[in-house]
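Structure first, commentary second.
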Amino acid sequence: MATSTFTWLPGVPIFRSTDRENWTPIGHALHGPSQIDLDGTDMWASFGIFAPTLRHHGGRFWMITTCFGIQGSHNFLVTAEDPAGPWSDPVTIAIDGIDPDIAWDDDGNCWVHYSGVGTGTMRCRIDDTTGEVFDEPTPTWSGTGLQHPEAPHLYRIGEWWYLMIAEGGTGSGHCVSIARGPSPEGPWESCPANPILSHRSLSHPIQNTGHGDLVEDSSGQWWMALLGVRSKGAPAGFHVLGRESFLTRVEWDDGWPIVESPELGGESSPAEFVDEFSDAVLDLGWISRRQFPSDVADLAARPGALTLRGVDRDLRSPRPTFVGRRQQQQFCQVDTEVDVVSGEAGLAVVYDEHSHYRVGVDADSVFATALIGGMEQEIGRRPRPAGKVKLRLQVVEDMAGPDRVELGLVNDADEFAQLAAINGRYLSTEVVGGFLGRVIGLYAAGGEASFDYFRYVGE
């Protein structure tokens, strides 16, 4: 499974599973600067790399995706024999659109379908080695008439070719529709049950369901991977984890797919991640904005610690001195211990460069701030204890929802001294906009600091 990464790097993590329930990250399709460069002046945080399609063909894995910026988009593919990598340098495809898909017919033609800019779903044939477009892109089936037809996927299943798309927009109207025909060029017959998946206007814990992709497992069971969100809080729902991946069963009847409504799994044990920075390289889950974690994280300067140098940058910078991990559970606690040499450093929960909360340490104080829509306010400060400082950031339940973010420091008895508590809605997609979820991590600004460990426990 491959997922979007927008302006966070490394790009497009690859996950592997043997039971479709437990997923292990094994690498990234975009793992080096020769593959991707995200210009900080051209990239809104929710632009960049999105909508990858992952396929296996001819003994190789193929990943095709879009890099979208203010000045336009470009589409490209990379390949690998091993999905863990290394992946090739990009092959550019000169099409004007987003959400590309790649498929091959029995005659060896390589078909790319994508969402055109104001033109609906488009198709063309390409040379899968050079990216050359063989014929003028042509409009094709664009769904049932709802807005924003996108995320097309082409399949040969049995005697039919199927073209499945998302439509209705990426919000509450998001849905999946499908058509079938005798060839990749149609003509297309729309499924009479379209949309085959939607949670619009339903009281369901998973909302905004869409952008589906089909896969058959080794037992012959079909599945749909899709996007959805988990909203919390009243009266309006807010989602703070971004669009998450879901998996649900698919059955077939009279040549049409019947999709089970995706449900939340059962209660799971707490998810814990601890990094004591004892390895030579960072764990695969660490990410940075518009740059690779190795560009800012130094594991050699002080063995057993992570050193960050943010002499000329802060969290508002397009490329901040920040390394983080995605908040994956709705509630969590994050701890670290920091030794600030100069400037300030600490813990931050980040949505983008205009919206974050942080608890930091400078020469004299421990403080908490909130940056909301580009406006920053200090919301707590106390004198700094001597030596290294233990910091804590916890996300807890709040009836006003979706959650409450508490910031503070911890003494040697693990007692939490709270500096500030902030409603979490200001770091939600509904308030900030875009498609992202939160990232929690370590930062330095105006100087240098070292961190002895990072501990995340989520529920």
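The values are calculated or read from the model by the stated rules, or taken from the named source; none is laboratory data. Bear in mind that the values here come from a model prediction, so they are computed numbers and not experimental data. Cβ coordinates were reconstructed from backbone atoms using ideal geometry, including for glycine residues, and neighbour counts include every protein chain displayed.
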Q.
With the structure loaded, tell me whether Gly58 is over 14 Å from Val12 (Cα atoms) and under 19 Å from the mean Cα position of the chain (by Cα) or whether it fails that test.
A. no
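Conditions tested, residue by residue: (1) in a loop (DSSP other than H, G, I, E, B); (2) free of Cβ contacts under 8 Å to residues at least 24 places away in the same chain.
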{"residue": "Thr79", "(1), (2)": "no, yes"}
{"residue": "Asp89", "(1), (2)": "yes, no"}
{"residue": "Ile102", "(1), (2)": "no, no"}
{"residue": "Gly108", "(1), (2)": "yes, yes"}
{"residue": "Gly143", "(1), (2)": "yes, no"}
{"residue": "Arg156", "(1), (2)": "no, no"}
{"residue": "Ile165", "(1), (2)": "no, no"}
{"residue": "Ser177", "(1), (2)": "no, no"}
Q. Just wondering, is there one or more residues in the range 52-64 that are touching a Phe, Trp or Tyr at 6+ places or on another chain (Cβ under 8 Å) and farther than 19 Å from His153 by Cα?
A. no
(Q) Filter the range 431-442 down to the residues that are crowded, with 22+ Cβ neighbours inside 10 Å and in a loop (DSSP other than H, G, I, E, B) and list them by number. (A) Leu436, Arg438
Q | Hits in the range 91-100 - residues which are assigned to a strand (DSSP E or B) and not hydrophobic (A, V, I, L, M, F, W, C) | A | Thr92, Gly97, Asp99, Pro100
**Q.** Tally, over the range 306-321, of residues that are free of Cβ contacts under 8 Å to residues at least 60 places away in the same chain and crowded, with 17+ Cβ neighbours inside 10 Å
**A.** 0
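So that you can scan it fast, the table gives a plain yes or no per residue for (1) buried (at least 22 other Cβ atoms within 10 Å of the Cβ); (2) β-branched (Val, Ile, Thr); (3) touching a Pro at 6+ places or on another chain (Cβ under 6 Å); (4) modelled with pLDDT under 95:
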{"position": "Trp188", "(1), (2), (3), (4)": "no, no, no, no"}
{"position": "Leu197", "(1), (2), (3), (4)": "yes, no, no, no"}
{"position": "His204", "(1), (2), (3), (4)": "no, no, no, yes"}
{"position": "Ser218", "(1), (2), (3), (4)": "no, no, no, yes"}
{"position": "Gln221", "(1), (2), (3), (4)": "no, no, no, no"}
{"position": "Gly237", "(1), (2), (3), (4)": "no, no, no, yes"}
Q. Which of the residues belonging to the range 306-316 are among the aliphatic types (A, V, I, L, M) and within 12 Å of Leu442 (Cα to Cα)?
A. Leu306, Leu308, Leu315
Q. Taking into account only those residues within the range 223-235 that are over 26 Å from Asn423 (Cβ atoms) and surrounded by fewer than 20 Cβ atoms within 10 Å (Cβ to Cβ), which is nearest to the chain's Cα centre (by Cα)?
A. Ala225
**Q.** Identity of the residue in the range 183-217, more than 22 Å from the chain's Cα centre (by Cα) and among the charged types (D, E, K, R), that ends up farthest from Cys124 (Cα to Cα)
**A.** Arg200
Q.
I'd like to know if the range 296-306 contains one or more residues that are of a type in the set (Asp, Glu), over 28 Å from Arg230 (Cα atoms) and modelled with pLDDT of 95 or more.
A. yes
Q. Do the conditions hold for Met43, that is, is it in contact with a strand residue (DSSP E or B) (Cβ under 8 Å, 6 or more places away or on another chain) and either outside the structural domain of Glu150 (by TED's automatic domain parsing) or on the phi > 0 side of the Ramachandran plot (or both)?
A. no
Q | Qualifying residues in the range 56-92 (those that are of a type in the set (Ser, Thr, Tyr) and modelled with pLDDT of 95 or more) - the one surrounded by the fewest Cβ atoms within 10 Å (Cβ to Cβ) | A | Thr92
Q. Which residue, of Gly48, Gly72, Gly32, Gly59, is over 16 Å from Ile126 (Cα atoms), assigned by TED's automatic domain parsing to the domain that holds Ser115 and touching a Leu at 6+ places or on another chain (Cβ under 6 Å)?
A. Gly48
(Q) Considering only residues that are over 15 Å from Ala370 (Cα atoms) and not small (Gly, Ala, Ser), which ones fall in the range 404-431? (A) Leu409, Val410, Asn411, Asp412, Asp414, Glu415, Phe416, Thr429, Glu430
Q: Considering (1) in a loop (DSSP other than H, G, I, E, B); (2) among the polar types (S, T, N, Q); (3) within 30 Å of Ile206 (Cα to Cα), say which one Thr121 fails and leave the rest.
A: (1)
Q: Can you give me the number of residues within the range 1-55 that are of a type in the set (Lys, Arg) and either modelled with pLDDT of 95 or more or part of a strand (DSSP E or B) (or both)?
A: 2
Q. Residues that are surrounded by fewer than 20 Cβ atoms within 10 Å (Cβ to Cβ), over 25 Å from the mean Cα position of the chain (by Cα) and in contact (Cβ under 8 Å) with a residue 24 or more places away in the chain: which strands (runs of 3 or more DSSP E) entirely in the range 322-430 hold 2 or more of them?
A. 332-340, 375-383, 416-423
Q. If only one of Phe435, Phe454 is aromatic (Phe, Trp, Tyr) and modelled with pLDDT under 95, which one is it?
A. Phe435
Q | Only one of Gly131, Gly120 that is touching a Ser or Thr at 6+ places or on another chain (Cβ under 7 Å), buried (at least 17 other Cβ atoms within 10 Å of the Cβ), in the same structural domain as Trp222 (by TED's automatic domain parsing) and farther than 26 Å from Ile36 by Cβ | A | Gly120
Q: Read through the list (1) crowded, with 23+ Cβ neighbours inside 10 Å; (2) farther than 22 Å from Phe273 by Cβ, then give the number of the only condition that Ala45 fails.
A: (1)
**Q.** Residue that is surrounded by the fewest Cβ atoms within 10 Å (Cβ to Cβ) [pool: residues in the range 272-300 that are under 22 Å from the mean Cα position of the chain (by Cα) and of a type in the set (Gly, Ala, Ser)]
**A.** Gly285
Q. Any residue at all in the range 218-235 that is touching a Cys at 6+ places or on another chain (Cβ under 9 Å) and farther than 30 Å from Val431 by Cα?
A. no
